[in-house]
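Participant: Take this structure first; my questions come after.
Just so it is clear, none of the values below were taken in a lab; they were calculated from the coordinates. Keep in mind that this is a model prediction, so the values were computed, not measured. Cβ coordinates were reconstructed from backbone atoms using ideal geometry, including for glycine residues, and neighbour counts include every protein chain displayed.
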Amino acid sequence: MKNYLNILFLGLGMLFPFSMSAQQAEEKLNLMPWPQKIEIKEGTFLLHKDFNLSIKGSYDDRILSYSNSFLRRLDGRTGLFFNQGIIDKNTLFSEKASLKIEIERAGKVELHEDESYTLDVSEDGIVIKAITDLGAIRALETLLQLQTYSADNYYFPFVSITDAPRFPWRGLMIDVSRHFQPVHVIKRNLDAMAAVKLNLFHWHLSDDQGFRVEIKKHPKLTEMGSDGDFYTQSQIKDVVAYAAARGIQVVPEIDVPGHASALLTAYPELGSAVRENSIERNAGIFDPTLDPTNKKTYKLLADIFKEMADLFPSPYVHIGGDENEGKDWDNNQSIQDFMVKNDLQSNHDLQTYFNIKLQKILQKNGKQMIGWEEILTPTIPTSAIIHSWRGENEGLPAKQSLVNAAKNGNQTILSNGYYIDLMYSVEDHYTVDPMPDSDLSEEEKNRILGGEATMWSELTSSKSIDSRIWPRTAAIAERFWSPKEIVSIESMYRRLDVINYQLEELGLHHISNREVVFRNLTHNQATASVKFLSDLCEPLKGYTRNKDGVEYQMYSPFTLFADACIADAQQKRVFASLVSSYVSEGNNAAALRDVLIGWKNNHEEFMKLKGNPKLKQLQPMSENLAIVAELLLNSMEATSKNEDQIKALEEAIIKLNTNELDVEVAIIDSLKELITHLKNKEYSDPKIILEEIQ
Ligand code: ACM
């Protein structure tokens, strides 16, 4: 009781006014994904050393382990180091606990499992109620995000939350074929997935560049198809268990019949062309394709899928099926004869023939097939889940295959719009909703299960991959979980900034690895001037990096300047906002000038570094930025129009963005806006100009 009185008393210094609107709440709290319903109340629950947690109901070890991890994470963040140590099944339930978790049953890690919860923080303490422990796990993540601080205390605001996901399939795909990702990298990404309530890890285990799963009956697959970088079956089981402990289902993918160079390196006799296959080192679409007319192809696949069925409890197996150009089929007479004999009119028909055989194999193993959208043909069974991925880039309407699948009777998920490897801004992903604006019936809409962020790994290593996945995937996770009305870009950015650091706290390397790259670039000299440049740049977007797929290989480590740059350059929005208010209202002239002076100063700092060949590549950008800054400062202060200066500026920004660094300078649009303003500015009244530059 004393505790609660304390809390009540100290809670009087509350931070939130009574009856805060949803929008105000969004502005204050750092929740992502945003819950379905939240009511913010007067008061705060202060955290003390005697904070403790107690669980009631029917549950298994998962929630115990998650609760222990919750306590340690809160300990770590607050430095309070609670008296409560490890809780286990012998820890008795206490009505007096600070945090009471009430669960009806242990959840199953499967689609449509109940992940709902309620979370109440009040003067009576904190109560989480959930039907399954998975709901409680999601609630614990919300609670961790709710925790905040004042100068004197760590606390939770009083809230009442009712929450449940909008979509059941909330996934992240990681391609471990192009660049292999060791188990510890996968695990830390699973931690992050759970932190933002994602529940499905799609493991892209095979492609032209590597076959990454041990198949005991066919050791040749990894002996010849993986360069020694593969997961043993015991590692797979370990990862699957690790994911399940976080309420995450693991769906494996073996990509066939195309994308099969690595598999066919081990078994060339199953290919559709006679050639010596080898593990592919470059990026692109390659010819080696399984022979769908060869019985032995199905024998091998049956063996692979049988072993995998035992490793992965998920009822789904992804068979890929994408980007099969069928060149080897066209050039193989025996395959052509087979098609005629079996009345298969096109390569599409032949691939469907192959897919249906695969579907039977999977069915025998109790599994349901999922494949990239190319598998959607008129004769594909409606039990196949269609993974929609192509869009405008491929000259197709976005989400078309999603709509087609739903109308055809197939369940479907969306990845078009969530290709995080393309290095587009988080905004681009956040504004894509899995539900198309089409005339779908309720039944058809229900077939849209959700979506997946897709992390292809041509241009990332195990060191840089976190910074390619996070924090943008947190915003995508919100799109999958939260009400569709949660669309404020400003709010998303504000919350994402906080979640970003919390993800690092959880063990991701997406922020810290940037420093590692900077130190590599400077050879352990001061990194500030290089980081400064990187905060103005973004990696090339949309597959414009790695021209023709041969500039980098699948063993390239990605330790360059571009690899320290992120998809949403930190200074881009700051500078854009400054320029926009200066241009439209004449505000912030002094702040803008300070920024420009900062660019000049940065170049001076950069030039103090002892040179090396990597810094030499960066030097023109640093120098050009200083030149642009000098010209802009002069132009802003000019009392009459100076055409030569404007022309020089226009040339300078072209130079600034012409670099060999695989990056684009992210402030170019704002610079152009500023130059246009200076160009069109009325210079007739010198007084106004004087005011403007003050
Ligand atoms: C894909 O991006 N080829 C599915």
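Participant: Greater than 28 Å separation of Cα atoms is the criterion. Which listed pairs, Lys237/Lys360; Lys28/Lys187; Lys197/Lys399; Lys655/Lys679; Lys49/Lys108; Lys399/Lys484, meet it? Write down the numbers at each step before the final one.
Facilitator: Values: Lys237/Lys360 25 Å; Lys28/Lys187 31 Å; Lys197/Lys399 24 Å; Lys655/Lys679 19 Å; Lys49/Lys108 34 Å; Lys399/Lys484 17 Å.
Violating the 28 Å limit, Cα to Cα: Lys28/Lys187; Lys49/Lys108.
Participant: Skipping prolines and chain starts, which residues have an amide H placed within reach, meaning under 5 Å, of the one on Phe158, given they are 5 or more residues away or on another chain?
Facilitator: Lys41, Gly43, Thr44, Phe45
Participant: Follow-up question, since we're still on this one. Sort Thr289, Thr544 by Cβ crowding within 10 Å, fewest neighbours at the top.
Facilitator: Details: Thr289 28, Thr544 12.
By the 10 Å Cβ count, ascending: Thr544, Thr289.
Participant: Another question about this same structure. Can you tell me the order of 556-568, 623-635 when each peptide is scored by its average per-residue count of other Cβ atoms within 10 angstrom, highest first? Please report the intermediate quantities before stating the final value.
Facilitator: Numbers: 556-568: 21.9, 623-635: 20.0.
Descending mean neighbour count gives 556-568, 623-635.
Participant: Please list the non-local residues whose amide H lies under 5 Å from the amide H of Lys56, H modeled 1.01 Å from N, same-chain partners needing a gap of 5 or more.
Facilitator: For Lys56, the qualifying residues are Ile101, Glu102, Ile103.
Participant: In what sequence do Thr132, Thr522 fall when counting other Cβ within 10 Å, fewest first? Intermediate values should be presented prior to the final figure.
Facilitator: Working: Thr132 25, Thr522 21.
Placing the least packed residue first, the sequence is Thr522, Thr132.
Participant: Still on this structure: Between region 158-234 and region 472-487, how far is it from one alpha carbon centroid to the other, in angstrom?
Facilitator: 21
Participant: Would you give the gap between the C-alpha center of region 401-443 and the C-alpha center of region 606-620, rounded to a whole Å?
Facilitator: Taking the Cα centre of region 606-620 as reference, the centre of region 401-443 is 44 Å away.
Participant: Taking the DSSP beta bridges in the chain as the whole, what percent of them are antiparallel, to the nearest 5? Each step should come with its number before you reach the end.
Facilitator: Working: 25 of 67 bridges.
So the antiparallel bridges in the chain amount to around 35 percent.
Participant: Put a dot 7 Å past each Cα toward the Cβ at Glu325 and Ala638; how far apart are the dots in nm?
Facilitator: Each label point is offset 7 Å from its Cα along the Cβ direction, giving 5.1 nm.
Participant: Also, quick follow-up: Restricting to bridges with both residues inside region 171-268, how much of the DSSP beta-bridge set is antiparallel, in percent to the nearest 5? Could the numbers behind the result be given before it?
Facilitator: Details: 2 of 13 bridges.
About 15 percent, rounded to the nearest 5.
Participant: Hey, fewest Cβ within 10 Å first, where do Ile386, Ile489, Ile448, Ile675 land in order?
Facilitator: Values: Ile386 28, Ile489 14, Ile448 23, Ile675 20.
Fewest to most other Cβ atoms nearby, the residues stand as Ile489, Ile675, Ile448, Ile386.
Participant: Still on this structure, please answer the following. Shape verdict for region 316-442, please, from the Cα gyration tensor: rounded (a/c under 1.5), prolate (a/b greater than b/c) or oblate. Don't skip to the end; give the middle numbers.
Facilitator: Values: a/c = 2.09, a/b = 1.62, b/c = 1.29.
Prolate, because a/c is 1.5 or more and a/b exceeds b/c.
Participant: Please report how far the C-alpha centroid of region 31-91 lies from that of region 92-141, rounded to the nearest whole angstrom.
Facilitator: That distance is 10 Å.
Participant: Let me ask another. Using the Karplus curve 6.51 cos²θ - 1.76 cosθ + 1.60 with θ = phi - 60°, work out ³J(HN,Hα) for each residue of region 190-200 in order, rounded to whole Hz, and write x for Gly and Pro.
Facilitator: Along region 190-200, the couplings run 5, 4, 5, 4, 4, 4, 10, 6, 6, 10, 8 Hz.
Participant: Sort the chain into rounded, prolate or oblate with this rule: let a ≥ b ≥ c be the square roots of the eigenvalues of the Cα gyration tensor; rounded if a/c is under 1.5, and if a/c is not under 1.5, prolate when a/b is larger than b/c, oblate otherwise. Working shown, then result.
Facilitator: Working: a/c = 1.88, a/b = 1.14, b/c = 1.65.
Verdict is oblate for the chain.
Participant: What ³J(HN,Hα) values, in whole Hz, does the Karplus curve 6.51 cos²θ - 1.76 cosθ + 1.60 give for region 298-304 when θ = phi - 60°, with x put for Gly and Pro?
Facilitator: Ordered by residue, 3J(HN,Hα) equals 6, 5, 4, 5, 5, 5, 4 Hz.
Participant: If you don't mind, another one. Work out the length of the dipole vector of the chain about its Cα centre, built from +1 on the beta-carbon of each Lys and Arg and -1 on the beta-carbon of each Asp and Glu, and round it to the nearest 20 debye. Mind showing how you got there, number by number?
Facilitator: Numbers: 74 positive and 99 negative charges, 346 e Å.
About 1660 debye.
Participant: Using the structure shown, list the pairs from Lys364/Lys445; Lys614/Lys672; Lys37/Lys100; Lys647/Lys681; Lys217/Lys327 with a Cα-Cα distance above 22 Å, or answer none.
Facilitator: Details: Lys364/Lys445 29 Å; Lys614/Lys672 29 Å; Lys37/Lys100 20 Å; Lys647/Lys681 15 Å; Lys217/Lys327 30 Å.
Cα-Cα > 22 Å for Lys364/Lys445; Lys614/Lys672; Lys217/Lys327; rest within.
Participant: So which trypsin sites (Lys or Arg not before Pro) in region 53-92 pass both tests, a DSSP loop state and at most 15 other Cβ atoms within 10 Å of the Cβ?
Facilitator: On the way: sites: Lys56, Arg62, Arg72, Arg73, Arg77, Lys89; in loops: Lys89.
Those that pass, being in a loop and sparsely packed, are Lys89.
Participant: Using the Karplus equation 6.51 cos²θ - 1.76 cosθ + 1.60 (θ = phi - 60°), what ³J(HN,Hα) coupling, rounded to whole Hz, does each residue of region 208-219 give in order, writing x for Gly and Pro?
Facilitator: For region 208-219, the Karplus-derived couplings read 4, 9, x, 10, 10, 10, 5, 10, 4, 6, 9, x Hz, x marking Gly and Pro.
Participant: May I pose another question? Averaging sequence separations of C-alpha pairs under 8 Å and six or more residues apart, then dividing by the length of the chain, give the relative contact order as a whole percent. Mind dumping the intermediate values first?
Facilitator: Working: 1322 pairs, mean separation 74.5, N = 694.
Reported as a whole number, the value is 11 percent.
Participant: Summing -39500 (n - 2.57) over the DSSP H runs of n ≥ 4 in the chain and dividing by its residue number, what mean residue ellipticity at 222 nm do you reach, to the nearest 500 deg cm²/dmol?
Facilitator: Calculated from helices alone, the mean residue ellipticity at 222 nm is -13000 deg cm²/dmol.
Participant: His259's amide H: which non-local residues (gap 5+, or another chain) put their own amide H closer than 5 Å, with H modeled 1.01 Å from N in plane and none for Pro or chain starts?
Facilitator: Result for His259 returns Phe286.
Participant: Normalised by the residues of region 342-466, what does the relative contact order come to in percent, with Cα pairs under 8 Å and at least six apart? Display every interim value, and only then the final one.
Facilitator: Values: 162 pairs, mean separation 23.7, N = 125.
RCO, region 342-466: 19 percent.
Participant: Over region 205-250, what is the relative contact order in whole percent, taking alpha-carbon pairs under 8 Å and six or more residues apart? Don't skip to the end; give the middle numbers.
Facilitator: On the way: 43 pairs, mean separation 12.8, N = 46.
Over region 205-250, the number comes to 28 percent.
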